[in-house]
Amino acid sequence: MAMISDRLAETGRREAAGAAQASVSGGSVGDYIALLKPRVMSLVVFTALVGMVIAPGHVNPVLGFASLLAIAIGAGASGCLNMWWDADIDAVMTRTAKRPIPAGRIAPGEALAFGITLSVGSVLVLGLASNWFAAAFLAFTIFFYAVVYTMWLKRATPQNIVIGGAAGAFPPMIGEAAVTGHVSLDGLVLFAIIFLWTPPHFWALALVKAGDYARAGVPMMPNVAGPDATRRQIMLYTLLLAPAGLAPVALGFGGAVYATVAGVTGLGMVALAWRVLRRREGEAAVKAAQQLFAFSILYLFLLFATLLAEQSLGFGSLFAGWGR
Amino acid sequence: MSDKDRTDDKERAVEGGPPKMSPDEAKRRRGRNIAIAVVLGLLVILFYAMTIARLGENVMNRPM
């Protein structure tokens, strides 16, 4: 709590200094959209939509759209709060130095107010559009990402993205809850897939950007446990991820097409993780990590896109014995 | 923004007048104002549509 009050006091001081210099906000509409991390939002919308589609039951299209919009804005709000808190480390990392707050285009206080307003608004809209269980789940997710991950874990432990990855894995469960009012094993499996996918995805990036994270003082796994230990953990999580990717087939909401896609791309993930494990020096090591990072994005997209296509078009049920 | 502009802004703030903006700042503020107007308009439509969807067939049920 002392940390948060210190940061709020610092934001207040910067606001006062800013007000003495210029009383006009300098950010463009694009800067405010950038605060919402649109690429993360698109992933959240996509996975939440799959959660809604696999849920048993019917949802009015207007209410479904409003629910999805609320989940997306909630994700954006938590991204905005993340950028407010992390502005100091964003400024020293090449990947993030041009973000609106470290670049000086938006004042920290504006970002904080924007994030809190959108958080409250998105939770209220989701409650009104679907149910208050889903709204409470969204509120918890925003809290988990903005406070548990951003303010606490990120700078404290190399397991930051493992535990914090749960925040990114909740959207399919929120989507399911928006339709049914509860969470089932199906939603939990989608959660598990994203949860297990997060460490190989981010640690592959961290292997390449270890210098950036070290400069910012963020204890990512390669900086704390070393690159070799990180490679072993990437392999371990990938070995858990590949079978978890097939779990929707066992539960009956993934059909034959999904089984094929999850099987083939799961093997691809394992092969690339193995390459990361074996190639430890020079350009080959960097290339292997970059390939795993890029392929992991495609892997998750294909899994969820196939589930969405099977459920929407109904071709999963063509294969008797596979679908429900 | 030059030091002179900042001094002008402070003087205007003391006098209660609007801050002096460069053409670029004015353009960005206009963009923000338009975006806020559009978002508010869309929220009105969204809440109207949600209300009608929630009411469903009951929207026509008005016993006299």
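Per residue of B:21-27, other chain Cβ atoms within 10 Å of the residue Cβ number 2 on average. Between A and B, roughly 1600 Å² of accessible area is buried in total, ligands, DNA and RNA not counted and the probe set to 1.4 Å. For the pair A:VAL120 and A:ALA192, the difference between a 0.36 nm per residue extended length and the Cα-Cα distance amounts to 23.2 nm. What a 1.4 Å probe finds exposed on region A:65-138 is 74% carbon and sulfur by accessible area, rounded to a whole percent. Sparse packing (at most 11 other Cβ atoms within 10 Å of the Cβ) combined with a DSSP loop state is found for the following GluC sites (Glu not before Pro) in region A:225-324: A:GLU281. Computed over the protein assembly as shown, the per-residue total of -39500 (n - 2.57) for DSSP H runs of n ≥ 4 gives a 222 nm mean residue ellipticity of -25000 deg cm²/dmol, rounded to 500. Entry comment: accessible area of region A:105-180 is 33 Å² per residue, from protein heavy atoms only and a probe of 1.4 Å. Lysine pairs in the protein assembly as shown whose alpha-carbon atoms fall under 18 angstrom of each other, counting only those eight or more residues apart or on distinct chains, come to 7.
Once you list every other residue whose beta carbon is under 10 Å from the beta carbon of A:ILE106, what net charge do they have if Lys and Arg are +1 and Asp and Glu are -1? Once all neighbours under 10 Å are counted, the net charge is 0.
With contacts taken as Cα pairs under 8 Å at a separation of at least 6 residues, chain A carries a relative contact order of 17 percent.
Starting from the Cα gyration tensor of chain A, take the square roots of the eigenvalues, sort them a ≥ b ≥ c, and report rounded, prolate or oblate (rounded when a/c is under 1.5, otherwise prolate if a/b is larger than b/c, else oblate). Verdict is oblate for chain A. Mean partner shielding of peptide A:26-37, defined as the number of other chain Cβ atoms within 10 Å of each residue Cβ, is 3. The phi-based Karplus calculation (6.51 cos²θ - 1.76 cosθ + 1.60; θ = phi - 60°) puts the 3J(HN,Hα) values of region A:137-143 at 5, 5, 4, 5, 5, 4, 4 Hz, whole numbers, x for Gly and Pro. Shape of region B:22-64 from its Cα gyration tensor (a ≥ b ≥ c, root eigenvalues): rounded if a/c is under 1.5, otherwise prolate when a/b > b/c, or oblate? Cα axes put region B:22-64 in the prolate bin. When A:HIS58, A:HIS201 are compared by accessible surface with a 1.4 Å probe, the order from highest to lowest is A:HIS58, A:HIS201. Work out the FRET efficiency for A:LEU251 and B:ASN58 from their Cβ-Cβ distance, taking R0 = 41 Å, and round it to the nearest 0.05. Calculated value: 0.65.
When the alpha-carbon atoms of region A:29-183 are used, the pair Rg, Dmax equals 15.5, 48 angstrom.
The values are calculated or read from the model by the stated rules, or taken from the named source; none is laboratory data. Just so you know, these numbers come straight off a predicted model, no measurement behind them. Counting neighbours? That spans all protein chains shown, and the Cβs are built from the backbone with ideal geometry, glycine included. All accessible areas refer to the heavy atoms of the entire protein, side chains included, with ligands and DNA or RNA removed. Shrake-Rupley method; radii C 1.70, N 1.55, O 1.52, S 1.80 Å.
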